[in-house]
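The values are calculated or read from the model by the stated rules, or taken from the named source; none is laboratory data. Quick caveat: nothing in here was measured; it's all calculated off a predicted structure. Note that each Cβ is placed from the backbone with ideal geometry, even for glycine, and that neighbours are counted across all protein chains shown. When the accessible area is computed, the model is the full protein with side chains, heavy atoms only, and any ligands, DNA or RNA have been set aside. Shrake-Rupley method; radii C 1.70, N 1.55, O 1.52, S 1.80 Å.
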Amino acid sequence: MNDILPGESSAWQYLEATLRDVAHAYGYQEIRLPLLEKTELFKRSIGEVTDIVEKEMYTFDDRNGDSLTLRPEGTASCVRACTEHGLLHNQVQRLWYAGPMFRHERPQKGRYRQFHQVGIEAFGMAGPDVDAEMIFMTARMWDRLGLKGAVLQINSLGTPAARAEYRTALVAWLREHEAALDEDSRRRLESNPLRILDSKNPDMQSLIEAAPRLPDYLDEESRAHFSELCGLLDRAGLAYEVNPRLVRGLDYYSKTVFEWVTDQLGAQGTICAGGRYDGLVEQLGGKPTPAIGFALGLERLLALLETAGVALPASSPHVYLVLNGDRGVQQGMVFAESLRAALPGLRLLSNCGNGSFKSQFKRADKSGAEYALVMGDDEAEQGVLLLKPLRNKAEQEVLSTQDVPGRLGELLDIN
Ligand code: HAM
């Protein structure tokens, strides 16, 4: 679990704001969900025999003896909230959320125990058009962030019935080849055989290549849905790879699943993942409601932005106000307020706690400010300030207090 330090937080804010703006551009509205839910909710939605529920949840009994869990993901809470508040009666919903999720995984680069997601969920739309909209939205997010090179993988898991049929065939085939399975896969053979296809063990790859393929077991409806989705992506000119072994680690998916992966981040290369979960609302006690969604991992996106050298906006001050002498400090503090009122977009850091000119200029430099404004007793008496560029060799200017907002507005391109 990481602290996000002052030097990092502006990159986070930029990332969150950009993703939020894209979500709003597609008509999605924010929903804010609690960090804690009843443990039962995650068991029933994510699935009892998934890695998350079996070994990664932070679960405890509260003072009433209720078993609660720090949310490992947001989809289950989102469905619970929508059902609880009647948001799905005869209406569609397009929603997004952001915040920390908790999984007790083995920490490594790109994998943390508290990590942050932006999640997007759409309810009440059964067709492949909204699947395409979701994917277009992700592509637009990369575009806005200036991220290149992530690869879109898609697959269809079919209906639960088709998947059950495939599961039977897969288990039968894997049993015939049990000797070649690694320990992890042997354990999964009973509990979650589809996840064997996800194995990263190089020794297992040729076996996985030869195993029965899910697309051969798809029902007609899922097949048509998937091919319509592919058609929409083709039309939009969005490149994708069909990965028949993409199965996802949560149980609630049906039909379309997708992931965006990159080779820039080492082992944890999935930056965004999701899919359709048409059965989940009903399974959690609501009316049958088709749904689809995805979540992005913000730590991974930030790491990718850094690797790609994308310049992120800083939140350092525009101006450092150097104040000296009793009159200079008193008048300067009041002047700073009038300047903030005149220029709401200005980031102005006033020197507090006195100090020589030299030490104040050192602080100004360290703050990252582009300009210093100086008011000592003499300037205070004359009603002027010195404006001194800190990042280039331009001349300093003497400005009357009234002229400062206008001049800064020109120089800094702020209102
Ligand atoms: P997920 O695949 O478990 O799906 O997580 C989505 C994304 O969260 C991953 O692709 C990854 O970027 C990030 N992530 C997951 N675990 C960690 C971790 N330990 N450390 C850092 N980042 C991590 C879900 O959570 C689904 N709720 C997505 C969804 C929404 N499906 C439908 N709607």
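Below are the figures for this structure:
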quantity: Among 277, 14, 371, residue whose mean-square fluctuation peaks in a GNM of the chain (springs only between Cα atoms under 10 Å); calculated: 371
quantity: The chain, helix-only ellipticity at 222 nm - DSSP H runs n ≥ 4, -39,500 (n - 2.57), divided by all residues, nearest 500; calculated: -12000 deg cm²/dmol
quantity: Segment 54-96: C-alpha gyration tensor shape, a/c 1.5 cut-off, then a/b vs b/c; calculated: oblate
quantity: HN-Hα J in Hz across segment 378-395 - Karplus 6.51, -1.76, 1.60, θ = phi - 60°, x for Gly and Pro; calculated: 4, 4, 4, 5, 8, x, 10, 9, 8, 10, 10, x, 9, 10, 8, 9, 4, 5
quantity: Among 150, 310, 368 - extreme Cα towards positive end, dipole of the chain, charges at beta-carbon; calculated: 368
quantity: Rounded percent of accessible protein surface that carbon and sulfur make up, the chain, 1.4 Å probe; calculated: 49 percent
quantity: Three-way shape call for segment 319-412 based on the alpha-carbon gyration tensor, with the a/c threshold at 1.5; calculated: rounded
quantity: Within segment 194-210, backbone nitrogen closer than 18 Å to the virtual label 7 Å beyond the Cα of residue 168 toward Cβ; calculated: 194
quantity: Among the listed pairs 43/287; 109/148; 200/287; 109/287; 55/109, those beyond 30 Å (Cα-Cα); calculated: 200/287; 109/287
quantity: Peptides 1-9, 193-201 ordered by average Cβ neighbours within 10 Å, highest first; calculated: 193-201, 1-9
quantity: Segment 33-96-segment 292-371 distance, computed between alpha-carbon centres (Å); calculated: 40 Å
quantity: Degrees, to the nearest 10: 357-367 long Cα axis against longest axis of the chain; calculated: 20 degrees
quantity: Estimated FRET transfer efficiency when R0 is 60 angstrom, pair residue 209-residue 64 (beta carbons, to 0.05); calculated: 0.70
quantity: Between 0 and 90°, nearest 10: helix 298-307 axis offset from the chain longest Cα axis; calculated: 70 degrees
quantity: GNM top mover of 132, 81, 210 - the chain, alpha-carbon springs below 10 Å; calculated: 210
quantity: Accessible surface, per residue, of segment 1-41 when the full set of protein chains is kept, probe 1.4 Å, Å²; calculated: 62 Å²
quantity: Peptide ranges 291-301, 88-98 listed from the most packed, as the mean C-beta count within 10 angstrom indicates; calculated: 291-301, 88-98
quantity: Proximal lysines to residue 362, defined as alpha-carbon separation beneath 30 angstrom and excluding residues fewer than eight positions away on the same chain; calculated: 388, 393
quantity: Hypothetical label at residue 270: residues of segment 64-107 whose amide nitrogen lies under 20 Å (7 Å Cα-Cβ projection); calculated: 71-79, 97-107
quantity: Size-normalised alpha-carbon gyration radius of the chain, reference 2.2 N^0.38 Å; calculated: 1.27
quantity: Percentage relative contact order, segment 319-412, counting C-alpha pairs under 8 Å, at least six apart; calculated: 32 percent
quantity: Ranked packing of 106-113, 124-131, most packed first, by mean Cβ within 10 Å; calculated: 124-131, 106-113
quantity: Contact order normalised by residue count of the chain, Cα under 8 Å, 6+ apart, percent; calculated: 15 percent
quantity: For segment 61-163: rounded, prolate or oblate by the Cα gyration tensor [a/c cutoff 1.5]; calculated: oblate
quantity: Positive-end residue, segment 319-412 charge dipole about Cα centroid, Cβ charges, pick of 338, 406, 390; calculated: 390
